[in-house]
């Protein structure tokens, strides 16, 4: 079955889909983060997978990547206004999940 590109829920799930995207967003809601710091914060993600997930979020206009011309190279990632607008969505998902878990896990967004 082909995804329904005109379905707002499917579009949202496509943007947030992927094992690491919600965790990436959780860190970026706190502050702008460098690639290596993000890699350390997300225990278990490979550099290749992190790069792929960040590229997808950038292509979707959720994050912005800033490269600084310095040695060694510095790359920062931050949320766009569109990305920040996902906060209430993720807060609602967190609240729903917490209310339906027997044991709540404290992962605030």
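Laboratory data are not the source of any read-out in this text; all were calculated from the coordinates shown. All of these numbers come straight from a predicted model, not from anything done at the bench. Reconstructed Cβ throughout: ideal geometry from the backbone, glycine too, with neighbour counts over all protein chains shown.
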The helix 87-99 Cα axis meets the longest alpha-carbon principal axis of the chain at an angle in degrees, between 0 and 90 and rounded to 10, of 50
Output ordering of 24-35, 68-79 (per-residue mean of other Cβ within 10 Å, highest first) is 24-35, 68-79
Helix 47-59: inclination vs the chain longest Cα principal axis, degrees, rounded to 10, gives 70
Extension length gain for residue 75 and residue 98 (0.36 nm per residue less Cα distance), in nm, is 4.9 nm
Here, residue 46 and residue 7, labelled 7 Å along Cα→Cβ, have an inter-label distance in nm of 3.1
Between residue 89 and residue 19, the two model label points (7 Å from Cα along the beta-carbon direction) sit apart by a distance in nm of 2.2
Over the chain, the sum of -39500 (n - 2.57) across DSSP H runs of at least four, divided by residue number and rounded to 500 deg cm²/dmol, gives at 222 nm -14500 deg cm²/dmol
Per 10 angstrom bin, beginning at 0 and ending with the bin that holds the maximum distance, the Cα pairs of the chain fall in percents of 13, 42, 33, 10, 2
